[in-house]
Amino acid sequence: MKELQIDRREEYERLSLETVKVKTPISEFWRKFRKQKLALVSFFFVLFLITMAIIGPSIVPYEITEPDYDNILSGPSAEHWAGTDAFGRDIFSRIIAGTQISLFVGLVSVLLGAVGGTVLGILSGYYGKWVDRVIMRICDVLLAFPGILLAIGIIAILGPGLGNVIVAVAIFSIPIFARIVRSSTLSVKSTLFVEATKSVGAKHNRIIWKHIFPGTVSSIIVYFTMRIGSAILTAASLSFLGLGAQPPSPEWGAMLSGGRDYLNTSPHVTFFPGIAIFVTVLAFNLLGDGLRDALDPKIEE
Amino acid sequence: MFRFVTKRLLEIIPILFLVTIFIFLFVHLIPGDPARLVAGIDATNEDVEVVRKELGLDKPLHTQYFTYMGNLLQGDFGTSLKTKRPVIEEIGSRFMPTFWLTLWSMVWAVIVGLLIGAISATKRNKWQDYFGMFGAVSGLSMPSFWLGLMLIQIFAVTLGWLPTGGLDSWKSYILPAFTLGTGVAAVIARFTRSSLMDVLKEDYIRTGRSKGLTERKIVWGHGLRNAMIPVVTMTGLQFGFLLGGSVVIETVFSWPGVGKLLIDSVSYRDYPIIQTEMLLFAVEFILINLIVDLLYGILNPQIRYE
């Protein structure tokens, strides 16, 4: 019996590969995503950034924290592609080494925010009633402190530092994820198949994990990608304000802040870290746009 | 309409209540003893106890909250730890510059955002659309503090046309307002484009076309007017980003506003100022969203009857 089943499956697979082109959700997604050239380029750029984050610090041409007093504030040249800063450190090397920090802060903070927000959003949407009201009121309060202000408030409590920036950006992502996941939970919950699962007596746990959560994943993925860009921006802003990474860390926002005093004479010290932030955030935003267009069934080509 | 307004006003009360609790608890969330923080590092244990009594920190938490609320309602926001002046004076003189800065940023961002969005939607998949949307996503991805510094470098340092910072005349507004509004203009442009594209598919647009209305009248008269409804809500939410962004921009442009004061206070741990500013920003944001909701009710007659 078992052999027969396996044979059958192989048969089906062969058939589906050769004769009928089955549209699985993944192949459908890939077909739509591939068409968007900008998003595709961004995808490869993000892969490149991740590679740089891993191997960057070991391949940079110059020592990133060692001062070189013979080369203070020299402009871009063949030896120093992006010039040197007020301590004679090679800016290009520091930017490459800093990729790690920005990506780490962006990914970890959004991941924490997404996990927290997803749990709250599913609980809120699935159980409704007082659970929903309590969770949504908490979100309202958190969202009442707009934008970066909530993060600044949290830093004011926890004190400056990169670790606290991660916590602050994570908390500030939670209510947004919670709302998005809540609304997709509500729409999945009202579908017929969830109704059917309930009627055969499935437990809440099973319904949530097997049906509700998978239904919310695509909106989580899209928002996750878009959020990374703004998390990197927020973290860089906080470091720029002196509330995040502290010198001599090669965090881009902190580097930029360090260049402010030399803006008149050496604008390259602020220019290049800014470009690094800009290009990185742009790549994540374009990737997010592409994912949204490819995953949203409402958008036609 | 009256019922709608009352309902929205009543909804605000519990949120405001929770916001004040959050802000009140703020002092107690800071690691360490708040009384010691106020008394200073050199204070003896007796000094700290005196301060604790003075501030009522020895009383139970709920009593402290009622005292705090009572003081708030009487306009007493405490004293700055740094300058020893009343918080209301410190913030009062800096409120208007921030208010005008955010308002001007919003004005240009809405106008330009709507324009770019409308052009992109009507010239869908043409170069205008690609150009507009790439510009928008770039505006969204640009670190505002970097943009501000680069603009200072070009227009103030190199060309000498505009001041590098501070607030002296109307010219002082140009660079900071432009910098602050860029992100919002980008969001509004993207949102207007998708909203207008949806509207242009509607039946009444087809009716308009079939009765021979000019394309201009269809897009700007019927289309954009209906597309505006969700855009208005979005704009209200974007005001929040402006308020938050002002903190960063004011630091870049040495703007004499509440945002810069907040950052200075965070490094000094001047918590009476931080608390009051958080409250101020939250209340401002809640009020703006209330106004936006009411505006929404005027634009969309369906809402009023719900």
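Values as computed for the structure displayed
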{"quantity": "Computed label-point distance, nm, for sites A:F104 and B:K211 using a 7 Å Cα→Cβ extension", "calculated": "6.5 nm"}
{"quantity": "B:T83 versus B:L299: modelled label distance in nm, points set 7 Å from Cα along the beta carbon direction", "calculated": "3.9 nm"}
{"quantity": "Kyte-Doolittle mean at least -0.5 and Cα axial length at least 30 Å: DSSP H helices in chain A", "calculated": "A:37-59, A:91-127, A:162-189, A:213-240, A:268-295"}
{"quantity": "C-alpha long axis of helix B:271-299 to longest principal axis of chain B, angle in °", "calculated": "30 degrees"}
{"quantity": "Over segment B:66-132, relative contact order from alpha-carbon pairs under 8 Å, at least 6 apart, %", "calculated": "14 percent"}
{"quantity": "Reachable lysines, given that their alpha-carbon falls under 18 Å from the alpha-carbon of A:K210 and they are not under 8 places away in the same chain", "calculated": "A:K189, A:K198"}
{"quantity": "Cross-link reach list, lysines versus B:K201, counting only Cα pairs under 19 Å and skipping chain neighbours closer than eight places", "calculated": "A:K298, B:K123, B:K126, B:K211, B:K217"}
{"quantity": "Paramagnetic reach from A:V131 in segment A:90-125 [backbone N under 14 Å; point 7 Å along Cα→Cβ]", "calculated": "A:118-125"}
{"quantity": "For chain B, built as a Gaussian network whose Cα springs stay under 10 Å, the top-fluctuating residue of B:L290, B:L213, B:L114", "calculated": "B:L213"}
{"quantity": "Extension gain (nm, one decimal) between B:V283 and B:T6, 0.36 nm per residue minus Cα-Cα", "calculated": "97.9 nm"}
{"quantity": "Cα-projected label distance for B:F66 with B:D47, points at 7 Å along beta-carbon direction, nm", "calculated": "3.3 nm"}
{"quantity": "Gain in span if fully extended, B:M197 to B:S169, counting 0.36 nm per residue against the direct Cα distance", "calculated": "6.0 nm"}
{"quantity": "Longest DSSP-loop-exposure-free segment, trypsin sites (Lys or Arg not before Pro), chain A, at most 15 other Cβ within 10 Å", "calculated": "A:36-202"}
{"quantity": "Contact order relative to length of segment A:53-134, as percent, for alpha carbon pairs under 8 angstrom and 6 or more apart", "calculated": "25 percent"}
{"quantity": "Candidate lysines for bridging to B:K7, where Cα separation is under 25 Å - those fewer than 8 sequence places away on the same chain excluded", "calculated": "A:K129"}
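Every read-out reported here was derived from the displayed coordinates using simple, explicitly stated rules and does not represent laboratory data. On a predicted model such as this, the values are computed, not experimentally measured, just so you know. Neighbour counts run over all protein chains shown; Cβ positions are idealised from the backbone, glycine included.
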